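Colleague: Can you keep this structure in mind? I'll have questions shortly.
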Amino acid sequence: MIVLGIETSCDETAASLVERTEDGAGRILADIVLSQAAEHAAFGGVVPEIAARAHVEALDTVIAAAMREAGLDFDRIDAVAATAGPGLIGGVMIGLTTAKAIALATGKPLIAVNHLEGHALTARLTDGLAFPYLLLLVSGGHTQFVAVDDIGAYRRLGTTIDDALGEAFDKAAKLLGLAYPGGPEIEKAALSGQADRFALPRPLFGRPEPDFSLSGLKTALRLAAEKVAPLSDDDVSDLAASFQAAVTDTIVDRTARALDAFTRLHPNLIDPILVIAGGVAANTAIRTALTAAVAEKGFRLLAPPPRLCTDNGAMIAWAGAERLARGLTDGLEAPARARWPLDKLAAPMLGAGTKGAKA
Ligand code: KG4
Ligand code: ZN
């Protein structure tokens, strides 16, 4: 079966066609991602109104480009999937409404996909992973450990009680006068910096629940920067390196707890796997540290290619295909949702997609 997937929940306008064969294997036929990052750069973060307008302007073209790249017309697709949340509501409504219009015009079923489910299932598209596995999603708007037990069966083991990890990188970069998005800038500056020059805190270090808290670290960075201001290039590099080291140590510690929690849920797995996704997973220092930490606990680290770790249409098309294979489709009344937790039983937390709603 072939599914068209549409993603508009943040600052990427994306459309993709993905094929799923009966044995559960997936193949990307087309994958178009148009980033709006340049339009938001001057503001140091995503501006919802600008994002929504840009989606309206670009989405038709992006879908047409995906169809052309796959060499298909609408007759050949089996369903239309779109992100129905969580995310910036204007963008979500634009993508979902477009999907509904296509579904109505073509008579194909609609699948309203949870954006986080898209991230959670990507490793099954790229690596054919079997359930269950553990996911660490670290992006601009989401920071969570999720036990991915089955389609629709997710247990959140930990999250952030304030800022998302990517958001923390972006705020740190802004504070140091670096460009947006901040993660890659911090990583670059940190390369020539001394990570031990500033002693920054490792919030929640050693706590048994695999949660994060980043706002204290951000404040500590600001105070450290104010002490040495005006900042030379060396100061910026040292602050960036110290910040990245603190975040890396924190992720490693929090991940160790999450692996323990996951092992308690699934004690007899032969080849337990941690999948990492989201923009922050692109960070080499973090990846290297995580690979070692995960191996120590007998886990394997799996990172889908960066292009599929950040927001894209293929993950939505794939989640749609997985749902369609189970007969799970939605009616045209499916709502767009700014908030939509993957794990309905998990307590709501500030960092779980409630702030910028960037996923
Ligand atoms: O998943 P993503 O591309 O988009 C959404 O959040 O929706 O994640 C973007 C986030 C930004 O906050 C960015 O600063 C961060 O991921 N990021 C990084 C790196 N590359 C991107 N953070 C740390 N190191 C990086 N190399
Ligand atoms: Zn996302």
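Colleague: If you fit an axis through the alpha-carbon atoms of helix 233-265 and take the longest principal axis of the Cα set of the chain, what angle between them do you get, 0 to 90°, nearest 10?
Modeller: Once rounded, one gets 60 degrees.
Colleague: Can I ask one more? Considering Cα pairs under 8 angstrom that are at least six residues apart, work out the relative contact order of the range 245-316 and quote it in whole percent.
Modeller: 37 percent
Colleague: Using the reciprocal of the averaged 1/r over all distinct C-alpha pairs, how large is the Kirkwood radius of the range 1-97 in Å? All intermediate terms of the calculation are to be shown ahead of the outcome.
Modeller: Numbers: mean 1/r = 0.0725 Å⁻¹.
Taking the inverse mean of 1/r over all distinct Cα pairs, the range 1-97 comes out at 13.8 Å.
Colleague: Counting Lys +1, Arg +1, Asp -1, Glu -1, what net charge surrounds A70 among other residues with beta carbon under 11 Å of its beta carbon?
Modeller: Numbers: positive: R27, R68, R76; negative: E19, D31, E69, D73.
Around A70, the surrounding residues sum to -1.
Colleague: Report the local net charge at A130: Lys and Arg +1, Asp and Glu -1, summed over other residues whose C-beta lies under 14 Å from its C-beta.
Modeller: Every neighbour counted, the sum reads -4.
Colleague: Tell me, in nm to one decimal, what length is gained between T21 and D260 on full extension, where the rule is 0.36 nm per residue of separation less the Cα-Cα distance? Walk me through the numbers on the way to the answer.
Modeller: On the way: separation 239, 0.36 × 239 = 86.04 nm, distance 3.45 nm.
Taking T21 through D260 to full extension adds about 82.6 nm, to one decimal.
Colleague: Also, quick follow-up: Would you mind getting me the FRET efficiency between F131 and D78? Use the beta-carbon distance for r and R0 = 22 Å, nearest 0.05.
Modeller: On the way: r = 23 Å, r/R0 = 1.04.
With a Förster radius of 22 Å, E is 0.45.
Colleague: Continuing with this model, one more query. Please compute the alpha carbon radius of gyration of the range 55-149, then divide it by the globular-protein estimate 2.2 N^0.38 Å. Two decimals is fine. Don't jump to the answer; show the numbers that get you there.
Modeller: On the way: Rg = 15.2 Å, N = 95, 2.2 N^0.38 = 12.4 Å.
Here the answer is 1.22, to two decimals.
Colleague: Let me ask something else about it. For A153, project a label point 7 Å along Cα to C-beta. Then give me every residue of the range 322-337 with its amide nitrogen under 19 Å of that point.
Modeller: Output list for this probe position: 322-329.
Colleague: Can you give me the Cα centroid spacing of the range 1-70 and the range 293-311 in angstrom?
Modeller: 23 Å
Colleague: In whole Å, what are the extents of the chain along the principal axes defined by its C-alpha atoms, from largest to smallest?
Modeller: Reported extents, whole Å, longest axis first: 63, 50, 33.
Colleague: Please get the size of the charge dipole for the chain, origin at its Cα centre, with Cβ charges of +1 on Lys and Arg and -1 on Asp and Glu, quoted in debye to the nearest 20.
Modeller: My answer is approximately 640 debye.
Colleague: Taking a temperature of 25 °C and a viscosity of 0.890 mPa s, what whole-number D in µm²/s does Stokes-Einstein yield for the range 129-306 with Rh from Kirkwood over alpha carbon pairs? Don't jump to the answer; show the numbers that get you there.
Modeller: Details: Rh = 16.5 Å.
For these conditions, the coefficient is 149 µm²/s.
Colleague: If each of R326 and E57 carries a label point 7 Å out from its Cα toward its Cβ, how far apart are those two points in nm?
Modeller: About 3.9 nm separates the two model spin labels.
Colleague: Here is a follow-up. Distance between the C-alpha centers of the range 203-269 and the range 121-179? Whole Å please.
Modeller: Centre-to-centre (Cα) distance: 15 Å.
Colleague: Taking 8 Å as the Cα distance limit and 6 or more residues as the minimum spacing, I'd like the relative contact order of the chain as a percentage. Before the final figure, lay out the partial values.
Modeller: Details: 825 pairs, mean separation 95.0, N = 359.
Across the chain, relative contact order equals 26 percent.
Colleague: Please give the helix 284-296 orientation as an angle from the longest Cα principal axis of the chain, in degrees from 0 to 90, rounded to the nearest 10.
Modeller: The answer is roughly 90 degrees.
Colleague: Compute the longest continuous run of the chain that contains no exposed chymotrypsin sites (Phe, Trp or Tyr not before Pro); treat a site as exposed when its DSSP state is not H, G, I, E or B and it has at most 14 other Cβ atoms within 10 Å.
Modeller: Longest site-free region, per DSSP loop and neighbour criteria: 44-204.
Colleague: With the crude spin-label approximation of a point 7 Å out along Cα→Cβ, what separation in nm comes out for Q194 versus A179?
Modeller: With each label point 7 Å from Cα toward Cβ, the separation is 2.9 nm.
Colleague: Moving to a separate point now. Between L204, L223, T83, whose Cα lies farthest towards the positive end of the dipole of the chain when Lys and Arg beta carbons carry +1 and Asp and Glu beta carbons carry -1, centred on the Cα centre?
Modeller: L204
Colleague: Carbon and sulfur together cover what percent of the accessible area of the range 129-306 at a 1.4 Å probe radius?
Modeller: Heavy-atom surface of the range 129-306 belonging to carbon and sulfur, 1.4 Å probe: 55 percent.
Colleague: Taking Cα atoms, how many degrees apart are the long axis of helix 165-175 and the longest axis of the chain, rounded to 10 and kept between 0 and 90?
Modeller: Helix 165-175 and the main axis of the chain meet at about 50 degrees.
Colleague: Near A241, within a Cβ-to-Cβ distance under 12 Å, what is the net charge of the other residues, with Lys and Arg +1 and Asp and Glu -1?
Modeller: Numbers: positive: K188, R197; negative: E187, D196, D234, D235, D238.
Summing Lys/Arg as +1 and Asp/Glu as -1 gives -3.
Colleague: Turning to a different aspect of this structure: How large is the accessible surface per residue of the range 129-306, computed with a 1.4 Å probe and reported in Å² as a whole number?
Modeller: Numbers: 7140 Å² over 178 residues.
Using a 1.4 Å probe on heavy atoms only, each residue of the range 129-306 averages 40 Å².
Colleague: OK, next. How much length, in nm to one decimal, is gained on full extension between L104 and T288, taken as 0.36 nm per residue of separation minus their Cα-Cα distance? Don't skip to the end; give the middle numbers.
Modeller: Numbers: separation 184, 0.36 × 184 = 66.24 nm, distance 4.72 nm.
Extending this stretch completely gives an extra 61.5 nm.
The values are calculated or read from the model by the stated rules, or taken from the named source; none is laboratory data. All figures in this text were calculated on a predicted structure; none of them were measured in a lab. Positions of Cβ are generated from backbone atoms using ideal geometry, with glycine treated the same way; all protein chains shown enter the neighbour counts. Just so you know, the surface numbers come from the protein's heavy atoms only, side chains and all, with ligands and any DNA or RNA stripped out. Shrake-Rupley method; radii C 1.70, N 1.55, O 1.52, S 1.80 Å.
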